[in-house]
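The block underneath contains the structure these notes are about, expressed in structure tokens.
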Amino acid sequence: MPAGQPHVHEAGGGGAVNHSNHHLESHSPPPPPPPALPAEVVPAYPPPESEDDETWVWTQIKAEARRDADAEPALASFLYATVLSHPSLARSLSFHLANKLCSSTLLSTLLYDLFLATLTALPSLRSAVVADLLAVRSRDPACVGFSHCLLNYKGFLAIQAHRIAHVLWEQQRRALALALQSRVADVFAVDIHPAAVVGKGILLDHATGVVIGETAVVGNNVSILHHVTLGGTGKAVGDRHPKIGDGVLIGAGATILGNVKIGAGAKIGAGSVVLIDVPARNTAVGNPARLIGGKKAVGENDEDMPGESMDHTSFIRQWSDYTI
């Protein structure tokens with residue numbers, strides 16, 4: 001039997017299993033961990049400059065999936081069905097999302113056709129998918145590979161489903177967009193209104209409990225942790241949700257309410273309640289949030305953006321002797 005292929009018990013003889021062999025196998029030592037693939041097969045992040053990032057990332061995903069299927073036969077069928085049997089990232093993502101979000105009345109085949117048609121028609125969506133994969137891989141030290149993100153990161157999957165729901169909303173297919181929003185909330189515990197505008201290079205880290213309201217705007221290269229709310233202040237209609245600039249970092253449990261502007265490169269501390277504008281490169285902490293000046297931290301340069309560096313704590317040195 002080829003290495004890495006799952007064991008299959010034959011149905012002959014009434015489907016009986018040779019329990020003696022099974023008993024012996026259960027006491028055999030566990031196999032050693034698979035060796036790391038060479039850098040030219042699955043190189044470490046960051047990738048080389050490429051004219052086709054989508055092709056590059058898809059090549060890495062397939063290489064990782066083959067490695068994992070060989071190392072863990074229990075996942076071989078799943079990895080083949082979800083990754084290895086597909087000719088493109090768009091098809092793999094469409095298949096995986098459709099199977100995650102389907103229900104007894106919202107069929108996976110319908111969702112697959114919808115997702116694939118949307119991704120195929122809009123190259124900008126595929127570019128955003130790749131940017132999100134690169135963002136997660138580079139910012140989250142717990143992410144062990146691009147395939148890990150594609151298959152297991154619900155924040156990544158929720159954002160991709162939202163992008164498609166947003167396209168449906170703009171196409172006036174609003175009942176379907178809202179139904180998709182509901183399924184994403186049920187499955188991933190992430191609630192993003194389909195009218196909300198979300199940039200690319202987004203990391204929803206852990207993602208549970210993230211809420212983004214109807215008129216919210218999220219820029220590029222933003223990182224948002226779990227239980228963050230970008231909400232309104234009441235039942236008023238109109239433009240009533242936060243506007244998040246590029247490169248912003250929003251800590252866990254932060255709440256930003258109303259049509260306030262969070263400037264590029266700003267940082268929102270965990271657990272903060274923000275009701276005011278936050279200028280670019282400033283930090284807001286506390287409940288209600290107060291502003292900490294935009295003085296650069298030691299070692300920080302003008303190009304550093306908190307949404308990409310994931311630096312949650314350097315601001316503390318600007319107002320406290322507390323040491324982490």
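Laboratory data are not the source of any read-out in this text; all were calculated from the coordinates shown. Keep in mind the model is a prediction, meaning the values are calculated, not measured. All Cβ positions, even for glycine, are placed from backbone atoms using ideal geometry, and neighbour counts span all protein chains on display.
The distance from the alpha carbon centre of the stretch 179-203 to that of the stretch 90-168 is 11 Å, rounded to a whole number.
Which entries of K100/K200; K154/K267; K154/K243; K100/K261; K235/K267; K62/K243 have Cα-Cα distances beyond 30 Å here?
Details: K100/K200 22 Å; K154/K267 23 Å; K154/K243 23 Å; K100/K261 34 Å; K235/K267 28 Å; K62/K243 37 Å.
With Cα atoms farther than 30 Å apart: K100/K261; K62/K243.
Peptides 132-138, 120-126, ordered by how many other C-beta atoms sit within 10 Å of their residues on average, highest first, read 132-138, 120-126. Normalised by residue number, the volume inside the convex hull of the Cα atoms of the stretch 157-230 is 69 Å³ per residue.
How much net charge surrounds V129 when only the other residues with a Cβ under 9 Å from the Cβ of V129 are counted, with Lys and Arg +1 and Asp and Glu -1? Result for the local shell: +1.
Counting only DSSP beta bridges whose two residues both lie in the stretch 216-293, roughly 20 percent are antiparallel. Overall dimensions of the stretch 107-160, expressed as equivalent-ellipsoid semi-axes from the Cα gyration tensor (√(5λ), whole Å, largest first), are 23, 14, 7.
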